[in-house]
Amino acid sequence: MSPRAYAIMHRMHHAYTDTEKDPHSPKFSNNIFSMMWRTRNMYSGIYKRTIEVEERFTKNLPDWPVFEKWANSTVSRTIWVLGYSAIFVYFASTLWLLLLLPVVLAMGAFHGAIINWFAHKYGYINFRLRNTSQNLLYIDILMLGESYHNNHHKHPSSINFGKRWHEIDPVYPIIRLLAWSRIIKF
Ligand SMILES: [Zn+2]
Ligand SMILES: [Zn+2]
């Protein structure tokens, strides 16, 4: 996927949460699949620049057209598919494990659907906000901390999604490590 298009869409979600302009809101879709379809169309419109985007959503975003084109291309997608398939073929000890391959290949969509649908419907809140965001899991290893979605809507720029003692965000130490190794800055 194009990181730029994804980032714009994500900024729109924060600005328009639970309104008609939200790129993915369970409030404006009848079921999870129609929400995913709407998300897909928004992403594609932003990527192809057929949807007009306010300047505040593109501000300070890197614009790397060659990389964006490559990331969104059929060729790069095919390489990912072949790579993941090879890992399955090499390591799968029984055939039924191959049933999980489609889930791995569509992980972006799965992950997005779980957070964008369920974490705006079920869970508990730490912060009273004017939106439906909730913390879906009490301890979130499965979604790598992203399901502390109520925390994330309250502190969108925080690199640690966990706020209470039991809310472990497994990606947070990785970000710290990458920053410590001077690979990233925050
Ligand atoms: Zn949200
Ligand atoms: Zn966010």
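Each reported figure results from applying straightforward, stated rules to the coordinates on display, with no laboratory input. All values derive from a computational prediction rather than experimental measurement. Positions of Cβ are generated from backbone atoms using ideal geometry, with glycine treated the same way; all protein chains shown enter the neighbour counts.
Based on this model, can you work out whether Thr39 counts as within 16 Å of ligand 1 (Cβ to nearest atom) and surrounded by fewer than 16 Cβ atoms within 10 Å (Cβ to Cβ)?
Answer is no for this residue.
Look at the range 116-142 and say how many of its residues are surrounded by fewer than 19 Cβ atoms within 10 Å (Cβ to Cβ) and of a type in the set (A, V, I, L, M).
5
Restricting to the range 6-38, count the residues that are of a type in the set (Gly, Ala, Ser) and part of a loop (DSSP other than H, G, I, E, B). Explain how you work it out, then say what you get.
First, pick out the residues of the range 6-38 that are of a type in the set (Gly, Ala, Ser): 7, 15, 25, 29, 34.
Applying the additional criterion that residues be part of a loop (DSSP other than H, G, I, E, B) yields 25, 29.
Of the residues in that region, 2 qualify.
For a quick check of your reading: which helices (runs of 4 or more DSSP H) sit entirely within the range 43-107 and have at least 3 residues that are surrounded by fewer than 12 Cβ atoms within 10 Å (Cβ to Cβ)?
Qualifying helices (runs of 4 or more DSSP H): 74-91.
How many of the residues in the range 80-126 are of a type in the set (A, V, I, L, M, F, W, C) and under 21 Å from the mean Cα position of the chain (by Cα)?
Result for the range 80-126: 18.
Mind checking which residues of the range 1-17 are in contact (Cβ under 8 Å) with a residue 40 or more places away in the chain, more than 11 Å from ligand 2 (Cβ to nearest atom) and not aliphatic (A, V, I, L, M)?
Once the filter is applied, which keeps residues that are in contact (Cβ under 8 Å) with a residue 40 or more places away in the chain, more than 11 Å from ligand 2 (Cβ to nearest atom) and not aliphatic (A, V, I, L, M), the range 1-17 yields Ser2, Pro3, Arg4.
Condition (residue is surrounded by 13 or more Cβ atoms within 10 Å (Cβ to Cβ), within 13 Å of ligand 1 (Cβ to nearest atom) and β-branched (Val, Ile, Thr)) applied to the range 152-175: is it met by at least one residue?
No, the range 152-175 has no match at all.
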